[in-house]
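Down below is the structure, laid out as structure tokens.
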Amino acid sequence: MSTAQVPDILSPEFAANPYPVYRAMRETAPLIWHEATQSWIVSRYADVERVFKDKEATFTTANYDWQLEPVHGRTILQMSGREHAVRRALVAPAFRGSELQDKFLPVIERNSRDLIDTFRDTGSADLVADYATRLPVNVIADMLGLDKADHARFHGWYTAVINFLGNLAGDPDVAAAGERTRVEFAQYMIPVIQERRENPGDDLLSTLCAAEVDGVRMSDEDIKAFCSLLLAAGGETTDKAIASIFANLLANPDQLAAVRADRSLIARAFAETLRVTPPVHMIMRQSAVDVELTGGTVPAGATVTCLIGAAGRDESRYKDPDRFDLFREDLTTTTAFSAAADHLSFALGRHFCVGALLAKAEVETGVNQLLDAMPDVRLAEGFDPVERGVFTRGPQALPVRFTPVGS
């Protein structure tokens, strides 16, 4: 199969099932110039890893100037050098260690329990609509000290942002909706940030307002942009991860039984899900100089589309890569949520996802509580989960049945 014969990433065939297309790319066209997105597409693990780890500043995040800034404002993802280091030092402590454990774990546990309470006694639920799409947004709103009554607005905003990021075909209506979100979110957030500066609480927003590193504090615009990024990145990805973990476990009853019996395996199930059915299938970077990758040279100043969904199934990196196997020995769970990860779903290097441990805490809490509430969880009769999405991807619905505990 030549480059010309590999189905396009914007084709219906790709949207329906990208995994055979990824295999064809890895085997026959590891570097493709894609006219519609004006980018070079890379699909092999070694190449994607090299782009992310990049120690020589060969690749930058300058692509986010047009990809993210129109919807978020200027974010930490676009920064480099000292500016990036200082901003990351300002926000990172909230997402790890005691801060995460003491402050936010109770928030996650409470929000998860509240959602499960709505269907705990009914014997049925759609794990996407009733739980996965709601938990991360509720948690982030709670962490920031925002009003959860505005959940529908937050969800609408982050959906518009994700649609903007995934707007590879350049639909003008999707672009306009994304840009409108930036204005609406700023109108909502800036007054809240200013009020929080005057009257700080013990929430994350107050922490961000007060944080200082080397005499640098975040401006209202910095904080607003970070909150916008947090909602979109933390909402969409965790939502799809939770749904995908259950889809994978329900399709592999022996592994579901193992996780039910030994909850320490949840982290393994999460790491393996990130490899085999990642929430984010593509991350872009920009080349600063001409770069040799498998299959040819990427010129300086070009956008590079890294196919995480393809790299995670690279036969040269993982044994039997299309099979979900939480017991596999070529994926290290102990480092899966750090910059030393040997999967690519959180990126790698200096732009490794700052929320990785928050995602892990949400997923572990959620899966634990759901398994407690639904010990005999099974897919609804005759239902076959369908993944949807190109840029981000996950089950569209996941109706399950179970015997309520205590019935």
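The values are calculated or read from the model by the stated rules, or taken from the named source; none is laboratory data. Computed from a prediction, not measured in an experiment: that's the story for all the values here. Because the Cβ atoms are built from the backbone with ideal geometry, glycine has one as well, and the counts that use them run over all protein chains shown. Just so you know, the surface numbers come from the protein's heavy atoms only, side chains and all, with ligands and any DNA or RNA stripped out. Shrake-Rupley method; radii C 1.70, N 1.55, O 1.52, S 1.80 Å.
Brief remarks on what is shown
- Percentage relative contact order, the chain, counting C-alpha pairs under 8 Å, at least six apart: 26
- Derived scalar couplings between HN and Hα for the stretch 151-156 equal 3, 4, 5, 4, 5, x Hz in order, rounded to whole Hz, by the Karplus curve 6.51 cos²θ - 1.76 cosθ + 1.60 (θ = phi - 60°), x for Gly and Pro.
- Inter-label distance for E69 and A149, nm, one decimal - labels placed 7 Å from Cα along Cα-to-Cβ: 3.8
- Cut-off 17 Å, label 7 Å out along Cα→Cβ of T297, residues of the stretch 53-77 by amide N: 58-59
- Net length gained if the chain between L10 and A261 were fully extended (0.36 nm per residue, minus Cα distance): 86.2 nm
- Close amide H contacts of A125 (hydrogens built in the peptide plane, cut-off under 5 Å, sequence separation of 5 or more or a different chain): V400.
- Helical mean residue ellipticity (222 nm; -39500 (n - 2.57) per DSSP H run of 4+; nearest 500) of the chain: -14500 deg cm²/dmol
- In the stretch 1-69, Cα pairs under 8 Å separated by at least six residues give a relative contact order of 20 percent.
- The apolar share of the surface of the chain, taken as the fraction of accessible area on carbon and sulfur atoms (1.4 Å probe, ligands and nucleic acids excluded), comes to 51 percent.
- Proximal charge balance of I223 [Cβ under 11 Å; K/R count +1, D/E count -1]: +2
- Reachable lysines, given that their alpha-carbon falls under 21 Å from the alpha-carbon of K240 and they are not under 8 places away in the same chain: K148, K360
- Gaussian network model of the chain, springs between alpha carbon atoms under 10 Å - residue of K148, K240, K224 with greatest fluctuation: K148
- Charge sum, other residues only, whose C-beta stays under 10 Å from P279's C-beta, Lys/Arg counted +1 and Asp/Glu -1: 0
- Spin-label pair D214/A397, simplified geometry with 7 Å Cα→Cβ offset, distance in nm: 5.3
- Electrostatic tally near D372: other residues with Cβ closer than 11 Å to its Cβ, Lys and Arg +1, Asp and Glu -1, net +4.
- Once C-alpha pairs closer than 8 Å and six or more residues apart are averaged by separation and normalised to the residue number of the stretch 272-407, the relative contact order reads 23 percent.
- Each residue of the stretch 302-312 was assigned a 3J(HN,Hα) from its phi angle through the Karplus expression (A = 6.51, B = -1.76, C = 1.60, θ = phi - 60°), giving 9, 7, 10, 9, 8, 8, 4, x, 7, 4, x Hz with x at Gly and Pro.
- Rolling a 1.4 Å probe over the heavy atoms of the protein chains gives the chain an accessible area of 40 Å² per residue.
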